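The values are calculated or read from the model by the stated rules, or taken from the named source; none is laboratory data. Note that this is a predicted model, so its numbers are computed, not measured. In this analysis, Cβ positions are derived from the backbone assuming ideal geometry, glycine residues included, and neighbour counts consider all displayed protein chains.
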Amino acid sequence: MPEPGPPLKVLIVDDHDIVRLGVRHLLGEPTQVHEAANLADARALLAREPFRLLILDLGLGDEFSLTVLPQIRRDHPELKIIVLTSMAEELYAERALRAGADGYVMKTELAQTLAAAVTAVLAGDVHVSPRLRSTLLRRVAGGPAAAAAGPELSPREIEVLRLVGQGRSTREIAELLNRSVKTIETHKQALKDKLGAESPAMLIKIALAWCGDAS
């Protein structure tokens, strides 16, 4: 894990105590770990403390941290960022990298995978799964990777999809996102078209499959 020298200062942002405890245990000594369960507390800590590594979940209750990731990257250009989440890599990983993440790890992976990701990003590398790395390399080389890349969704569509996966009604989503019911209905129809969902029930199943346990 961290090389000898000054302690590695890490901020873990996750809304589940057991996840933060597990990551803290994995990092071990002499790492200095701070924790936050929501974006407001996380951003306050980042503004106050010089962290070297941020380990960030995408789904923080009703918050979706991908929407603020670009701003975190702009405000803290030297910060290394690993997304640790249960949200499907196929839909979110590339978008997270574009938004400023240095690594993407699924919570279903072994602990050694997160340890490897920490080592890689601190060394200046990018960490993704071998499958995603192969997809990205094929795309750069002009190979047939488009089908594996997943549908192209806007940030707002991704937010709506996540909330659909949580079982939120159209009216609840409209209130949470401060949008009209008609606007959310338009987003849901676009999602059905892009994801091949023939019914609202199918969209919910797809949302659950893509978004995992984002509650």
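Quick notes on this structure:
- Condition met for PRO77 (over 27 Å from LEU132 (Cβ atoms) and assigned to a loop (DSSP other than H, G, I, E, B)): no
- Of all residues in region 131-154 being surrounded by 14 or more Cβ atoms within 10 Å (Cβ to Cβ) and closer than 22 Å to LEU56 by Cβ, the one that is modelled with the lowest pLDDT: GLY150
- Candidate set: region 103-125, residues that are at pLDDT 95 or above and β-branched (Val, Ile, Thr); chosen: the one farthest from the chain's Cα centre (by Cα): THR119
- Exactly one residue out of LEU26, LEU11, LEU21 is hydrophobic (A, V, I, L, M, F, W, C) and touching a His at 6+ places or on another chain (Cβ under 6 Å), and it is LEU11.
- Taken as a whole, the structure leaves GLU185 outside the set of residues that are without any contact (Cβ under 8 Å) to a residue 12 or more places away in the chain and surrounded by fewer than 19 Cβ atoms within 10 Å (Cβ to Cβ).
- Of ARG24, ARG20, all but one fail to be in the same structural domain as LEU114 (by TED's automatic domain parsing) and surrounded by 17 or more Cβ atoms within 10 Å (Cβ to Cβ); the exception is ARG20.
- Candidates LEU97, LEU84, LEU11 - the one that is part of a helix (DSSP H, G or I) and either surrounded by 18 or more Cβ atoms within 10 Å (Cβ to Cβ) or assigned by TED's automatic domain parsing to the domain that holds PRO155 (or both): LEU97
- Note on region 40-68: among residues that are more than 17 Å from the chain's Cα centre (by Cα) and part of a loop (DSSP other than H, G, I, E, B), the one that is surrounded by the fewest Cβ atoms within 10 Å (Cβ to Cβ) is PRO50.
- Every residue from region 102-130 that is loosely packed, with under 14 Cβ neighbours inside 10 Å and touching a residue at least 24 places away in the same chain (Cβ under 8 Å): ALA111
- Restricting region 86-98 to residues that are in contact with a helix residue (DSSP H, G or I) (Cβ under 7 Å, 6 or more places away or on another chain) and under 17 Å from VAL13 (Cα atoms), the residue that is modelled with the highest pLDDT: ALA96
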